[in-house]
1. Run the simple label-point estimate for Q139 and T190 please: 7 Å along Cα→C-beta, distance reported in nm.
2. Modelled label-to-label distance, L22 and H111, 7 Å Cα→beta-carbon offset: nm?
3. List the GluC sites (Glu not before Pro) within region 95-165 that DSSP assigns to loop and that have no more than 12 neighbouring Cβ atoms inside 10 Å.
4. Along Cα→Cβ, 7 Å out, is where each label goes; now give me the distance between the ones at L252 and S11 in nm to one decimal.
5. Summarise the accessible area of region 1-157 (1.4 Å probe, protein heavy atoms) by the percent that is carbon and sulfur.
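The values are calculated or read from the model by the stated rules, or taken from the named source; none is laboratory data. Quantities reported herein were computed from a predicted structural model and do not represent experimental measurements. Note that each Cβ is placed from the backbone with ideal geometry, even for glycine, and that neighbours are counted across all protein chains shown. Heavy atoms of the whole protein, side chains included, go into the accessibility calculation; ligands, DNA and RNA do not. Shrake-Rupley method; radii C 1.70, N 1.55, O 1.52, S 1.80 Å.
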Amino acid sequence: QVAELLKDRPSWFHDCRAVDVLNVLPTANGGTIELLYMQLYAPTTLAPARDFWLLRYTSVLEDGSLVVCERSLKNTQNGPSMPPVQHFVRAEMLPSGYLIRPCEGGGSIIHIVDHMDLEPWSVPEVLRPLYESSTVLAQKTTMAALRQLRQIAQEVSQSNVTGWGRRPAALRALSQRLSRGFNDAVNGFTDEGWSMMGNDGMDDVTILVNSSPDKLMGLNLSFANGFPSVSNAVLCAKASMLLQNVPPAILLRFLREHRSEWADSSIDAYSAAVVKVGPCSLRGSRVGGFGSQVILPLAHTVEHEEFLEVIKLEGIAQSPEDALMPRDVFLLQ
């Protein structure tokens, strides 16, 4: 069970866009060799995304331990030369993986090794520490995997309902959905339906539009009182800025406390969060009535720096998923 959870990288590694298993070969000792293609999101608009071609070997040792080894497939190892993929920089995973040893009482002792070469030469020099630091790699991958296992283990051994009546698994799914949506907007992949409308340079704002049905959440809203219909497209403006010697906690507090300084003065913070659902949900003379809303208590995930607020809009949300909105849309990495 632990091995399967660790192999499911997109569920706990928020920078992982996809892991595709292209082929599986059995081995003589009952193990498997898998050919994988993995894509990682770029954490900033100032650098391209990464991808990997991997071989993964899974086997059970004589003492009952389970070992999962991964390494990049390279033509220097007499393997096939995998063609490059547009918009991705080919990175390398050096020998990495998991050793899962059984212990008394039905538990497991887990050893994790993550060793990657993320090709830092392809990013601006000021960003290279993010691609060369073993601390950053450990926080994003090694510790993220252990936190996922710890959370699931706690849910199995304890009550699966929080003090607010919400299930931890649902909060994890929401956190994953928010992170994936944010990373999708930052990267703007064409196969996700994004197309660029304008960009004046690497350091300027990039404007993208997406008319894919998957991005519209099944909504078909229109203005009331004679206003024209809402366009069936998503507009995204994105930019990145590197602030040196500014701790994330201080910046996050600044964004929360000073949000009103750049928000429209005619709407409040909760109304601003509703814009994602549809302009017709805003109150004010420009767009009509606001509609009814129920603000639920602030929900804290296991990570104390992550805060989510759940907003339900009566008569607007088309499904339970559509009723979940992030209060803080700034994800600091």
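1. Reported label-point gap for Q139 and T190 is 3.4 nm.
2. That separation, rounded to one decimal, is 3.1 nm.
3. Qualifying residues, ordered by number: E104.
4. Result: 2.5 nm between the two label points.
5. 57 percent
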